[in-house]
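Structure first, commentary second.
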Amino acid sequence: MLNVRTKQNSTVNLRLVQAIAKETRGETLARLHASADGLSSKQASINREEYGANEIASNRHDSRIRFLIEAFLNPFTIVLLLLATISLCTDYLFVPSSQKDLSTVIIMLVMVIISGLTSYIQNVHTSNAVEALLGLVSVTTNIRRDGENQELPTTEVVVGDIINLAAGDMVPADMRLLQSKDLFCSSSSLNGESNPVEKVATKFPRIGRDNDYLDYPNILYEGTTIVSGSGQGVVFATGNRTIFGKLAQDISKNKIKETAFDVGIKDISKLLLTMTAIIAPLVFIINGLTKGSWLDALIFAIATAVGLTPEMLPVIVTSNLVKGSVEMSKHGTIVKKMNAIQNFGSADILCTDKTGTLTQDKVVLERHYDLEMQENKRVLELSYLNSYYQTGMKDLIDTAVIDAAGDELDISEIQRDYNKIDEIPFDFSRRRMSVVVANSDRQHGEHLLVTKGAAEEMLAISTHIEKQGQVLPLTDERKHEILENINDMNEDGLRVILIGYKKSPAPVGEFSVKDESDMILAGYLAFLDPPKESAREALANLKRDGITVKILTGDNEAVTRAIGLQVGLNVDTVYEGSDLIDKSDDELKEMVEECNIFVKLSPELKTKIIEILKANGHTVAYMGDGINDAPAMKTADVSISVDTAVDIAKESADIILLHKDLNVLEKGVLIGRKIFGNTMKYIKIMLSSNFGNILSILIASSFLPFLPMLPLQLLIVDLLYGTSCLSLPFDEMSEAYLEQPRTWSTKKLPKFMFFFGPTSSVFDILTFAILFFVICPHLVGGDYASLSLAQKAIFVTIFHTGWFIESLWTQEMVIHALRDKALPFIKQRATWSVMMATFGAGVIGTLLPFSGLKQALDFGKMPIDFIWIVFGLLVLYILLTTAVKQIYLRKEKFLI
Ligand SMILES: Nc1ncnc2c1ncn2[C@@H]1O[C@H](COP(=O)(O)OP(=O)(O)OP(=O)(O)O)[C@@H](O)[C@H]1O
Ligand SMILES: [Mg+2]
């Protein structure tokens, strides 16, 4: 986590913040030429001209140059440049003018350009694709413009704008608070501080030490989030001029969750580097001792080292992820944090919130009953006052109340009759919200407290009920009756909350949570919250794919059970939040396994359940849309949200669904698995063929009287093979592979390496033997030892050419042999992209010794018929690998 307090922020900005924090609201508004009623659209566009849009100008230019440098400064190109310099000396600078030859140098430079450009294009493509995808997720802010509150894109925010903030919002720019109500703000994304701090518009900071500006009570910073309460502020800095603008954006975009997969990739890179660090010196010493030329041995050892570095690994991992992200976006799924895709494929448990994710994002108020279970306009009127005047968090419930009242009541009259005085916003521990209104009809305006919330919570603070206009005490019997009624409605799949009121609560300013007591219950609000049409099918598909679905909700048992049944979940066991408290970790470990429906959960308990499931060894996905889901989303291995979710949830999510259709979830999972498979394919094949190459090179170096291949030739094989591997993200996985979640494990890798590496070495050595004992002596006219120096040189070039062709083809073919457990080409076949890439690379490599580049690359005269020998060896090689696969699969469940 970044520690922003120690970070040097622009001191100019900080001075502005300090000045504004000391001013009165009026002074700040005057400084910004703003009014508490908001800017006009015209003024806003003038301000935008002056200060720019509320965007962080990403320095595209810089990143392009950085990509370019990165693309050309890697071990592969550096070694090539080194070889080119040596060749420049040995072929051009220090030789008589008749023998000057630049062709080798040029070839090496061309290789540098090809390899550099490929990775540069790849990187630019990746960053463009990522930006385009992120642009699809809508981020809006509630701005007061032209005297009206409007939901506008966050980029439209300008200096001087009046912003309304509610729980769940992200602060869109730096602002001075003008009003606040129980406003709590979290800066955890900036400094890791998980406790939200209260912000108060009327409180001034004591400005002493420079570093505590994050705690100024009357200032809000871009990138922080509103956890509860509501407020209004005036913007004084946008885009790049905000204190944390750049930082906040970078964090939210690139916050990398280190996944098991990432750790695994790092382990593999380390393993390979260690291997190289041991092998390269060994190759150097063996060849130095046996061949006589230490310079040649050194260059050969360096080329070997380059061959062993997995320079394509990062490129293949990212291009796999980009490919997956783009594919998912076609199904309306936006991947915000790309490395989460693999976890999506590995997930074996999906926990989900209920409302808005599993159910439709439209909740309808079905009934507004009084306590006698009769439709009652006054109940609706009270509810409307509560939902309309509260500013803390407009959720689906409030929207439903406002909609229903709009249809049935004269809402302009209600708004005229009642003015809002005060409120206590919703929070997830009280599970209710209150509004105080004054009746403007009467002279002294009677004050009325209206509260709505979860049944238990409302019953706990009520002492009376209203029945037929009469106020009666709330007896145990009546409580029981109310709960029965709610249960009946719940069983019909209706969500129920209670509404109550109280006359003349404490006066303004002294009004607090304590006043939510001695209330009079007025009625029931029952909402229809039906599951998404696609839910049942989607959950069944997920089950078939090996994913267990669990509902984690703050709602009660009856409703959740009803929804659970409708979507086809097993609802036999249901645990309440209170069942989980006081349980030992061991008990919890069992409880989370056996139960699929958890109700009345606090946000902390949602998080706890995820933690325990993870501790049990599961890869857990979490889908949610509320403020109360954000902590759980941060804990889960992969978190999913919907475009209609609150900012905090969208912020915490790795993946965002743009459509209501839950079937895209399954598609996403399958794409995740494919990505995982394609990446694993590259890793496993690369590891085993590297291991095989090491063996072959060590053996060849020990027994051959000359270097088995020239360094430049080795690099060409590496370049051709590496380039053809770039097609792997375009490969498919077999259906059998996609059926189950796969989790990352490095444990199986050594076994795979030890099985398939030596298999390819067997053929390398067979090729050495055929070349050394049969083909070369046949073509040159005698055994190596018996030849003259000139003949020996020809012998060696032919040998090099033979091994060049054979080793290139075995590398290309091993992709086909190991990509799936069946017999390649006959029982299974890669996609056309992979076929073209691998065969294309093989053909190009084979043509080189017969082309005009033959001299420059030091290839010998190889008869065309040699191709048939290579073909024969390849067929044998594929058959042997297939046999070894069968042996391997006797003990192991999966190949890849
Ligand atoms: N706008 C509201 N006004 C009053 N009470 C509310 C409101 N929203 C939620 N509640 C109460 O708080 C409880 C918990 O909130 P909520 O249902 O949003 O939790 P959740 O875990 O997100 O549930 P879900 O899975 O249904 O989304 C609700 O069951 C309801 O009783
Ligand atoms: Mg919810």
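FYI, it's all coordinate maths here, none of it is from the lab. Remember, predicted model here, so these are calculated numbers, not experimental data. Every residue, glycine among them, receives a Cβ derived from its backbone with ideal geometry; neighbour counts consider all protein chains shown.
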>> With the cut-off at 1.5 for a/c, could you classify the range 375-422 from its C-alpha gyration tensor as rounded, prolate or oblate?
In response: oblate
>> Which entries of 323/827; 452/667; 543/885; 270/337; 22/452 have Cα-Cα distances beyond 32 Å here?
In response: 452/667; 22/452
> If you place +1 on the Cβ of every Lys and Arg and -1 on the Cβ of every Asp and Glu, how big does the dipole about the Cα centre of the range 406-478 come out, in debye to the nearest 20?
Replying inline: 220
> Taking the Cα centre of the range 364-528 as the origin, how large is its charge dipole in debye, to the nearest 20, when only Lys and Arg (+1) and Asp and Glu (-1) carry charge on their Cβ atoms?
Replying inline: 460
> Nearest 20 debye, what's the magnitude of the dipole of the chain about its Cα centre given +1 on Lys and Arg Cβ and -1 on Asp and Glu Cβ?
Replying inline: 3740
>> Checking a compactness column here: for the range 364-528, what do you get for Rg(Cα) / (2.2 N^0.38 Å), N being the number of residues?
In response: 0.96
>> Please compute the modelled spin-label separation between residue 82 and residue 94, points set 7 Å along Cα→Cβ, answer in nm with one decimal.
In response: 1.7
>> As a test of the formula, what do you get for the chain when each DSSP H run with n ≥ 4 contributes -39,500 (n - 2.57) and the sum is divided by the residue count, at 222 nm and rounded to the nearest 500 deg cm²/dmol?
In response: -16000 deg cm²/dmol
>> Relative to 2.2 N^0.38 Å, what does the C-alpha radius of gyration of the range 687-807 come to as a ratio? Two decimals please.
In response: 1.37
> So for 618, 480, 659, fewest C-beta neighbours within 10 Å to most, what's the order?
Replying inline: 480, 659, 618
> Sorting 488, 407, 182 on the 10 Å Cβ count, fewest up front, what's the list?
Replying inline: 407, 488, 182
> Taking +1 at the Cβ of each Lys and Arg and -1 at the Cβ of each Asp and Glu, which of 379, 451, 465 sits farthest along the dipole of the range 345-492 towards its positive end, judged by Cα position relative to the Cα centre?
Replying inline: 451
>> Among DSSP bridges having both ends in the chain, what percentage is antiparallel? Round to the nearest 5.
In response: 75
> Dividing the alpha-carbon radius of gyration of the chain by 2.2 N^0.38 Å (N being the number of residues), what value is obtained?
Replying inline: 1.19
> Which of 610, 628, 755 sits farthest toward the positive end of the charge dipole of the chain, with +1 on the Cβ of Lys and Arg and -1 on the Cβ of Asp and Glu?
Replying inline: 755
> Which links in 336/589; 203/336; 199/608; 684/891; 199/514 stretch past 26 Å when you go from one Cα to the other?
Replying inline: 336/589; 203/336; 199/608
> Hey, what angle do you get for helix 789-818 against the long axis of the chain, alpha-carbon based, 0 to 90 degrees rounded to 10?
Replying inline: 30
> If the chain between residue 65 and residue 152 were fully stretched, how many nm would it gain, using 0.36 nm times the residue separation less the Cα-Cα distance?
Replying inline: 27.9 nm
>> Test of understanding: ordering 851, 504 by Cβ neighbours within 10 Å, fewest first, what list do you get?
In response: 504, 851
>> Can you give me the angle between helix 535-544 and the longest principal axis of the chain, using Cα atoms only, in degrees from 0 to 90, rounded to the nearest 10?
In response: 40
> Roughly how tilted is helix 103-134, in degrees to the nearest 10 and between 0 and 90, from the longest Cα axis of the chain?
Replying inline: 10
> Which of 175, 857, 390 sits closest to the plus end of the dipole of the chain, meaning its Cα is farthest towards the positive end, when Lys and Arg get +1 and Asp and Glu get -1 on the C-beta?
Replying inline: 857
> Say each of residue 593 and residue 439 gets a label point 7 Å from the Cα, pointing the same way as Cα to Cβ; how far apart are those two points in nm?
Replying inline: 6.1
>> Suppose we keep just the DSSP beta bridges with both residues in the range 364-528; what percent of those would be antiparallel, to 5?
In response: 95
>> So if each residue of separation counts as 0.36 nm, and I subtract the Cα-Cα distance between residue 790 and residue 517, what length gain in nm does that give?
In response: 87.8 nm
> What distance in nm separates the simple spin-label points at residue 103 and residue 117, each placed 7 Å from Cα in the Cβ direction?
Replying inline: 2.2
